[in-house]
1. Looking at (1) under 29 Å from B:Glu105 (Cβ atoms); (2) in contact (Cβ under 8 Å) with a residue 60 or more places away in the chain, which is the only condition B:Met42 fails?
2. Give all pairs with beta carbons closer than 6 Å in which a residue from the stretch B:112-127 that is among the hydroxyl-bearing types (Ser, Thr, Tyr) meets a residue that is not in a helix (DSSP H, G or I); count only pairs at least 6 apart in sequence or on separate chains.
3. Of all residues in the stretch B:56-83, count the ones that are over 26 Å from A:Ala53 (Cβ atoms) and either at pLDDT 90 or above or loosely packed, with under 12 Cβ neighbours inside 10 Å (or both).
4. Can B:Leu20 be described as surrounded by 18 or more Cβ atoms within 10 Å (Cβ to Cβ) and touching a residue at least 12 places away in the same chain (Cβ under 8 Å)?
5. Could you run through the stretch B:29-47 and say how many residues are closer than 23 Å to B:Ser97 by Cα and surrounded by fewer than 21 Cβ atoms within 10 Å (Cβ to Cβ)?
Amino acid sequence: MTDFLKTLDSTTLIKWAAFVVKSVVDLLSAREGRDPAAIEADIRAELKAIDDAEAAAHAREDALADS
Amino acid sequence: MKRVSSTLACLLILAACDTLPQNVDVAHKAIKSARQAMTIHMDDKCLDALKKCKEGGIVTSAADKKNCDAWVTCDEQRHAWYKGFKAMQLTLLHALSFYVVGEDEAKTWYERAILQFRSILNDLKQHGVLP
């Protein structure tokens, strides 16, 4: 095994190391991983919810103030 | 060897950046929860202050003025917090969009969102909105 590794140049070793690191990270993040587009859609929905909540709060206060 | 080590370090940093969507997802959920807690708290507080202000009728006494001032302050504070939450979500969106196009700035934007979040959390804790 060691002899085999010695035959590899540093570029190949780096590529292997990168592959191993990437695979581990992918495995770890895959547990609860979601598509960035889905996360973006959720954040946009929350931005709308923030505006809606602010508008609703003002509407409640306006209704109370006018009553 | 030194060159190999630094290249590996760079790759590790890039690999860490790969978890950004998951980090953004978790941060988004935390911000959403804090925003919902703040909304419930402030809605009750502001409406209560407004009711007390209205009960006073024409504002003449110092107590009526205090209740009405409390409502105005509450309304302004709530608006400021809504803007804060919106800014945090927009910062997270920036992080995500930079990540999608493969820009290094993604991590910077994410860290900026976390700083904003810590600051607003402290603010909410100081005002007794969050424990």
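1. The one condition B:Met42 does not meet is (1).
2. none
3. 6
4. For B:Leu20, the condition - surrounded by 18 or more Cβ atoms within 10 Å (Cβ to Cβ) and touching a residue at least 12 places away in the same chain (Cβ under 8 Å) - is met.
5. Of the residues in that region, 4 qualify.
The values are calculated or read from the model by the stated rules, or taken from the named source; none is laboratory data. As the structure is a computational prediction, the values presented were derived from the model and not from experiment. Positions of Cβ are generated from backbone atoms using ideal geometry, with glycine treated the same way; all protein chains shown enter the neighbour counts.
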